[in-house]
């Protein structure tokens, strides 16, 4: 009895590890194309016709599939592309730390390798806003416009005349600059470490 329980536990642990190592796209064919950008491939999915091409940049750990409903609406008006950053969706992992510079360089190389050399409208969700803004600074002649979809547009924040990267600031420093509506109304935080208040 103990041996069978131990074997079941071991099988479950092994299964959990295997599932955790698989990407959400494992076992499914990519909707777009895997394009070689120099020794590794990134996934690019383009639909529709027209100019300028709209490039959809997902946030955080999201990838091209998160843009499906948006892409279907935009493709009736112009050409639209979603893609997977290195290590996400169907794309190969990158060689470095996935810095902003590496990320925008990957996108630039991807668009060039796909033969898309025109001006683009870049749409960034969440942290994608930081990527599209950096892309505009690096390649201003290739950007026709930026659209921020509930996204970040800066990595740093000015606090009392100084400043730093957002993740290096304390919760109190962030709240001093941008207090939440609930905090202003006198609400209490959900948890001690949570910046979100109760409604």
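Out of curiosity, is residue 76 in the same structural domain as residue 145 (by TED's automatic domain parsing) and part of a strand (DSSP E or B)? Taking the combined requirement at face value, the residue does not satisfy it. If you go through the range 33-61 and keep only what is assigned to a loop (DSSP other than H, G, I, E, B), under 18 Å from the mean Cα position of the chain (by Cα) and buried (at least 20 other Cβ atoms within 10 Å of the Cβ), you end up with just 58. Checked against the criterion of being closer than 23 Å to residue 136 by Cα, at pLDDT 95 or above and not in a loop (DSSP other than H, G, I, E, B), the range 85-95 contains not a single residue that satisfies it.
The values are calculated or read from the model by the stated rules, or taken from the named source; none is laboratory data. Because the structure is a prediction, the values reported are computed rather than measured. In this analysis, Cβ positions are derived from the backbone assuming ideal geometry, glycine residues included, and neighbour counts consider all displayed protein chains.
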